[in-house]
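S.K.: If you scroll down you'll find the structure; I have some questions about it.
What follows is calculated from the coordinates using simple rules that are stated; it is not laboratory data. Every value quoted in this text rests on a predicted model; they were computed, and no experiment measured them. Cβ atoms come from the backbone with ideal geometry, glycine included; neighbour counts cover every protein chain shown.
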Amino acid sequence: MNKPIPGTVGILVDESSGPLPFTEPDFCRKLCMIGRRYNMAIYIFCPTWVHSGKNLIPGFTYENGSWIKKMFPFPDIIYDRFFSRDNKHQRLKQRCLSLLTDNHPFVYLTRGLAGKWAVYQALCKSKEIAPYLPETIQYTGAIQLADWLSSHGGEAFLKPQHGTHGKRTLHVKITNMDDRLRVRGRSGNNTIFRRIFRNKADGFEWINKITGKRNYLLQQYLQLNSSQEEPFDIRVLMQKNQNGLWSLTGMAVRAGRRNSLTSNLHGGGTAYEVLPFLGRELGTTVSNELIHLITQLSERIPSYLESYFGRLAELGIDFGVDKEGKVWILEVNSKPGRSSFSQIGDMKSARRSIENPIHYARYLLLSRPRE
Ligand SMILES: Nc1ncnc2c1ncn2[C@@H]1O[C@H](COP(=O)(O)OP(=O)(O)O)[C@@H](O)[C@H]1O
Ligand SMILES: [Mg+2]
């Protein structure tokens, strides 16, 4: 058995109605098992389990083949896997984190990025990265959308600044032939819808009802469909490793169903190996060049974003490849999923995607200055 690593790692997740009382149980189990291998103290907890006046947290850990509930000291490192659903939910988490901060200093394994607009603005400032960003502005309403459509070939893509899983995205299209406005989209529960409006004004009014109070981005609509009309993108997972250095864990294509607008796995997409998929679309030579470019960009983005947002540990970067073979950076996720690797049978990347957060947490704990 390795020497115990000084310090504890708390994995912060959301509550669940069961069978275990927290989300991502499979991922959490694997994290605990890897931690055990290095004799690290790792446990799972939810915001409501932290109480003022108490200096222990009732958490779960996976030991010798089963889940055990016990009391744990406050964490030295928090791996934040809590996905806020709304402001109330977010406040619950903030309350928990301020209770923790007041009692025991901790560091985040990785930071959450502050929404798609802040990330876009930071990336725009890099000469090397900016050419791969779709033109994007903050959505302000109908007048702006009408102007955009007339100067961008009659098409636009709208996405919420804090969206995930392709939910609440919209593709807006007008044609010169008539005054009709066509909208394809994904609802809040990720179902696909289509609407045709007899005139633009009705369409714009409806779009504003859909966007509501949410902040939206208005973006150049990209032709990201395969020859089978499946929208696809390439997800790259970048993570820090056991030496605290960024490394590319793996990449996979995600393709949505025909004409389904988004490629996210949560919206019904399927993962594929990158080279065979791209090879079928654009030929092997071009595909190898694209993979090379995507790798270069992926290696550049993490440390660049760290210079703006502080220390990070893992990022999921979504790349689009359009019909002309041009690469686009669609978004950067600070709480990436990792199921695409096991879906395509890339077990090495699947394993590393789970090991890396623990390896990096171990690196952080071991490099702490000793009292
Ligand atoms: N500008 C765009 N034009 C066409 N399709 C897009 C565009 N931006 C995103 N998409 C599609 O929508 C999906 C979701 O967009 P993304 O920006 O990754 O937001 P999120 O995954 O957080 O909902 C992408 O994976 C891609 O399939
Ligand atoms: Mg995405």
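S.K.: Calculate the spin-label point distance for A114 paired with S52, positioning each point 7 Å from the Cα along the beta-carbon direction, and give it in nanometres.
M.R.: Simple spin-label model gives 2.7 nm for this pair.
S.K.: Could you pull out every whole DSSP H run in the chain that spans at least 20 Å of Cα extent along its own axis and averages -0.5 or higher on the Kyte-Doolittle scale? Could the numbers behind the result be given before it?
M.R.: Working: long enough: 87-103 (24 Å, -1.25); 284-309 (37 Å, 0.04); 347-366 (28 Å, -0.38).
Span-like helices in the chain: 284-309, 347-366.
S.K.: Now a separate question. Find, among the trypsin sites (Lys or Arg not before Pro) in the range 258-358, those assigned to loop by DSSP (not H, G, I, E, B) with at most 15 other beta-carbon atoms within 10 angstrom. Walk me through the numbers on the way to the answer.
M.R.: Numbers: sites: R258, R280, R300, R311, K323, K326, R338, K348, R351, R352; in loops: R258, R311, K323, K326, R338.
Qualifying residues, ordered by number: R258, R311, K323, K326.
S.K.: Rounded to the nearest 0.05, what FRET efficiency is calculated for K70 and R300 with R0 set to 35 Å and r the Cβ-Cβ distance? Numbers along the way, then the final one.
M.R.: Numbers: r = 43 Å, r/R0 = 1.24.
For K70 and R300, the calculated efficiency is 0.20.
S.K.: With just the Cα atoms defining each centre, how far is the range 80-113 from the range 282-300? Give it in Å.
M.R.: Taking the Cα centre of the range 282-300 as reference, the centre of the range 80-113 is 37 Å away.
S.K.: To the nearest µm²/s, what D does Stokes-Einstein give for the chain at 20 °C and 1.002 mPa s, using the Kirkwood radius over alpha carbon pairs as Rh?
M.R.: Working: Rh = 22.2 Å.
Reported coefficient: 97 µm²/s.
S.K.: Another one. Could you work out the relative contact order of the range 136-219, using alpha carbon pairs under 8 angstrom and six or more residues apart, expressed as a whole percent? Intermediate results must be reported in sequence, preceding the final value.
M.R.: On the way: 142 pairs, mean separation 29.4, N = 84.
For the range 136-219, the relative contact order is 35 percent.
S.K.: With a Förster radius of 51 Å, plug the Cβ-Cβ distance of T191 and M1 into 1/(1 + (r/R0)^6) and report the FRET value to the nearest 0.05. Spell out each step's value before the answer.
M.R.: Values: r = 50 Å, r/R0 = 0.99.
E between T191 and M1, to the nearest 0.05, is 0.50.
S.K.: If I stretch the segment between H165 and I143 completely, what's the gain in nm (0.36 nm per residue apart, minus their alpha carbon distance), one decimal?
M.R.: Details: separation 22, 0.36 × 22 = 7.92 nm, distance 2.82 nm.
5.1 nm is the gain from fully extending H165 to I143.
S.K.: Can you tell me the relative contact order of the range 8-108? Whole percent, Cα pairs under 8 Å, sequence separation 6 or more. Write out the running numbers ahead of the final one.
M.R.: Details: 164 pairs, mean separation 31.8, N = 101.
Over the range 8-108, the number comes to 32 percent.
S.K.: Given a cut-off of 18 Å, name the pairs among K116/K159; K116/K213; K125/K335; K240/K335; K116/K335 whose C-alpha atoms lie farther apart than that in the structure shown. All intermediate terms of the calculation are to be shown ahead of the outcome.
M.R.: Numbers: K116/K159 9 Å; K116/K213 16 Å; K125/K335 23 Å; K240/K335 14 Å; K116/K335 13 Å.
Check vs 18 Å cut-off fails for K125/K335.
S.K.: Next question. Could you tell me, in Å, what Rg and Dmax come out for the Cα atoms of the range 27-77?
M.R.: According to the Cα coordinates of the range 27-77, Rg and Dmax are 11.1, 33 Å.
S.K.: While we're on this one: Identify the residues of the range 182-224 with backbone N under 13 Å of a label point that sits 7 angstrom from the Cα of D322 along the Cα-to-Cβ direction, or state none.
M.R.: 219-224, by backbone N distance to the label point.
S.K.: Here's something else I'd like to know. Pull out the extension gain between T284 and E15, defined as 0.36 nm times the separation in residues minus the alpha carbon to alpha carbon distance; nm, one decimal. Kindly include the intermediate steps, with their values, before the conclusion.
M.R.: Details: separation 269, 0.36 × 269 = 96.84 nm, distance 4.57 nm.
Stretched out fully, the T284 to E15 stretch lengthens by 92.3 nm.
S.K.: If you average the C-alpha positions of the range 1-76 and of the range 237-274 separately, how far apart do those two centres end up, in angstrom?
M.R.: Cα centroid of the range 1-76 versus Cα centroid of the range 237-274: 27 Å apart.
S.K.: Mind checking Rg over Rh on the range 112-184, alpha carbons, Kirkwood formula for Rh?
M.R.: In the range 112-184, Rg relative to Rh is 1.01.
S.K.: Using alpha-carbon positions, what is the distance between the centroids of the range 337-359 and the range 136-150, in Å?
M.R.: 40
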